1. Could you go through segment 10-32 and let me know if any residue there is β-branched (Val, Ile, Thr) and in contact with a Ser or Thr (Cβ under 9 Å, 6 or more places away or on another chain).
2. Need the failing condition index for GLU31 against (1) of a type outside the set (Lys, Arg); (2) on the phi > 0 side of the Ramachandran plot; (3) at pLDDT 95 or above; (4) touching a helix residue (DSSP H, G or I) at 6+ places or on another chain (Cβ under 8 Å), just the number.
3. Output the residues belonging to segment 2-28 that are surrounded by fewer than 22 Cβ atoms within 10 Å (Cβ to Cβ) and either among the hydroxyl-bearing types (Ser, Thr, Tyr) or at positive phi (or both).
4. Of all residues in segment 152-196, which are in contact (Cβ under 8 Å) with a residue 60 or more places away in the chain, in contact with a Pro (Cβ under 8 Å, 6 or more places away or on another chain) and among the aliphatic types (A, V, I, L, M)?
5. Go through segment 104-122 and count every residue that is in a loop (DSSP other than H, G, I, E, B), under 15 Å from TYR135 (Cα atoms), free of Cβ contacts under 8 Å to residues at least 60 places away in the same chain and of a type outside the set (A, V, I, L, M).
6. Given the conditions (1) closer than 20 Å to MET70 by Cβ; (2) under 13 Å from the mean Cα position of the chain (by Cα), which single one is not true for GLY12?
7. Does segment 136-145 include one or more residues that are at pLDDT below 95 and either basic (Lys, Arg) or at negative phi (or both)?
8. Restricting attention to segment 16-46, which residues are in contact with a strand residue (DSSP E or B) (Cβ under 8 Å, 6 or more places away or on another chain), assigned to a helix (DSSP H, G or I) and closer than 24 Å to LYS72 by Cα?
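The values are calculated or read from the model by the stated rules, or taken from the named source; none is laboratory data. These numbers come from a predicted model, not from an experiment. In this analysis, Cβ positions are derived from the backbone assuming ideal geometry, glycine residues included, and neighbour counts consider all displayed protein chains.
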Amino acid sequence: MKIRLGVLASHGGSNLQAIIDHIKNNDVQIEVVAVISNNSDSFAILRAKKEGINTYHVSSKTTTDVGKQMIKIFKKHQVNLIALAGYMKKIPSLVLELYPNKIINIHPALLPKYGGKGMYGMRVHEAIINANEPYSGATIHIVNNQYDDGKILNQRKVVIEKDDTATTLAAKVLVIEHELYFDTLKLLAEDKIMLQ
């Protein structure tokens, strides 16, 4: 399928940039058509603007109904898949209802372990290091109304060395994330993995 991707991001947008760069360097049926951030100062917005991608600031500061505004944008740009790239807000239920099995997220751990409410960013890496796990990684999963609970689409592992800290683990996992997100989108575009 030809993917018309809408991306939700809150801060740096390094996963967004990795997706954009991979698309430019590969012959794929994927186009980032809109980027929405809840943070008007997010670097993700600047990255998207630099690439000529439509950008929007949508938050409780800009609208009384975040979900309706998101849907309006997605429909305007004929988005058929939504990717969360460090989006730090819960997805409005209206968006989940109108885009069932069409929203994906990346999580910096091998789900189903180390997911759920409050498990994001360095908290995840610290928990994994404290548990003396032999490896970690990243997971792409479908978003539903529970944190980190939807169907797992793809995963990649990294080995944890005995001198790794939460910071060094975070850096390792981020490298994996940047590859895994695009690889998963490519597989979806080629109908090699399914959202249902």
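1. no
2. (2)
3. SER10, SER14
4. Scanning segment 152-196 gives ALA170, VAL173, LEU174.
5. Of the residues in segment 104-122, 3 are in a loop (DSSP other than H, G, I, E, B), under 15 Å from TYR135 (Cα atoms), free of Cβ contacts under 8 Å to residues at least 60 places away in the same chain and of a type outside the set (A, V, I, L, M).
6. Condition (1) is where GLY12 drops out.
7. Yes, segment 136-145 contains at least one residue that is at pLDDT below 95 and either basic (Lys, Arg) or at negative phi (or both).
8. Selection gives LEU16, ILE19, ILE20, ALA44, ILE45.
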